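Report on one structure; see the data block that follows.
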Amino acid sequence: MEVKKSAVNVLTNSRTKVSAHFVVGKDGDITQLAKCNTQTWHAGRSAYGNRTGFNKYSIGIEIDNPGYLVKNPNGNGYVTWFNANRTNPKSVAEGDIFWGVHRNGGRKKPWMKYPDACTQAVYDLCETLINEYNIKYILGHEEIAPKRKLDPGPAFPLDDMRNSLLKVSKGKEKLIYIKRKLDGKVSKVNVTSLNIRSKPNGDKVANPLKKGHEVKILEEENGWVKVKTEVVGWIFKEYVDRDNSDDEADGIVTANTLNIRSKPQAGSSKVANPLSKGTEVDIIDQENEWLKVGVFVEGWVTQKYLKV
């Protein structure tokens, strides 16, 4: 209970700039820290599917668990990472250790187990929230911020829990996220390849859209429709201003023009017209000096090749 109390103190201290809606203790005790319709600060820079900025769209649950364990510097066994530098730290009991590989990679290592009471409390809390708010997704911080966060980690039965509570497939998951982001009248490309142009019969603004690609319809004009859609490509990270805020976008282009390419290498083919200064981008991945990003583009397509 002392660890949970400490977590509550941190999450309710405005100076720490972190917070959550609920904290679940090892014994299954649940403390609510904020109303569910209040934005809290548990996600930071985050993305999943085609949605970013999860502080705005999620109910945050923090669970009392230290995560991975490290070798006891004073003897056999393992200790929590925050106890490793203390004098004569007590090793964690063997029965409380789970050996596993994190879903985001790495070697097999020890993690602190979640007590059954804690896991059951999280399940019950999620079930209540789903029934109350018609929630469709249960995600770990490790999934929305994989380069920064590790929780809940491999010791927590996240996949089993959400499969039991939600019973949805990953294929449906991605589709629903895109529809939410492209709120409005959404259509799909109904041909193998469809050019998107600067104006009716104008120059191309991006690579042809593939069959099944979703677009939001903005305008209609004599057999043409102006659409908004997202394209994905690679840009040079030096020309992107990144921050850890929870804005809709993860970065802003700082160069006057910036090419967005099909691969993380100079000279690879472009996927769209150069991005202009101030363009907002959603950062998906990073490879050396390159960022994989999603960016919205607008253009005109032939209406008859779209299917609502």
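The values are calculated or read from the model by the stated rules, or taken from the named source; none is laboratory data. Remember, it's a predicted structure, so these values are computed and weren't measured experimentally. Note that we place each Cβ from the backbone using ideal geometry, even for glycine, and neighbour counts take in every protein chain shown.
Things worth noting here:
- Residues located in region 117-150, provided they are touching a helix residue (DSSP H, G or I) at 6+ places or on another chain (Cβ under 8 Å), within 15 Å of Val24 (Cβ to Cβ) and loosely packed, with under 15 Cβ neighbours inside 10 Å: Glu127
- Among the residues of region 21-55, just one is in contact with a strand residue (DSSP E or B) (Cβ under 6 Å, 6 or more places away or on another chain), of a type in the set (S, T, N, Q) and closer than 18 Å to Glu142 by Cβ, namely Thr52.
- Scanning region 192-216 for residues that are surrounded by 13 or more Cβ atoms within 10 Å (Cβ to Cβ) and β-branched (Val, Ile, Thr) turns up Ile196, Val205, Val215.
- Selection status of Ala121, in a helix (DSSP H, G or I), in contact with a Lys or Arg (Cβ under 8 Å, 6 or more places away or on another chain) and either within 30 Å of Ile284 (Cβ to Cβ) or touching a residue at least 12 places away in the same chain (Cβ under 8 Å) (or both): no
- Filtering region 64-103 to residues that are in contact with a Lys or Arg (Cβ under 9 Å, 6 or more places away or on another chain) and acidic (Asp, Glu) leaves Asp64, Asp96.
- Qualifying residue in region 55-65 (condition: assigned to a helix (DSSP H, G or I), at pLDDT below 90, closer than 23 Å to Val281 by Cβ and not assigned by the TED database to the domain that holds Phe296): yes
- Residue that is nearest to Val271 (Cα to Cα), among those in region 187-206 that are part of a loop (DSSP other than H, G, I, E, B), under 30 Å from the mean Cα position of the chain (by Cα) and hydrophobic (A, V, I, L, M, F, W, C): Val205
- Test: Trp290 is closer than 14 Å to Lys204 by Cβ and touching a Pro at 6+ places or on another chain (Cβ under 7 Å): no
- Flag for Tyr48 being within 20 Å of the chain's Cα centre (by Cα), at pLDDT 85 or above and crowded, with 16+ Cβ neighbours inside 10 Å: yes
- When Gly106, Gly95 are screened for being small (Gly, Ala, Ser) and either outside any loop (DSSP other than H, G, I, E, B) or assigned by the TED database to the domain that holds Val23 (or both), only Gly95 passes.
- Filtering region 265-285 to residues that are surrounded by 12 or more Cβ atoms within 10 Å (Cβ to Cβ) and farther than 13 Å from Gly251 by Cα leaves Ser268, Lys270, Val271, Ala272, Asn273, Pro274.
- Residues in region 287-308 that are among the aromatic types (Phe, Trp, Tyr), more than 29 Å from the chain's Cα centre (by Cα) and within 18 Å of Val231 (Cα to Cα): Trp300 only.
- Residues that are of a type in the set (Gly, Ala, Ser), touching a residue at least 60 places away in the same chain (Cβ under 8 Å) and part of a loop (DSSP other than H, G, I, E, B) within region 207-241 comprise just one, Gly223.
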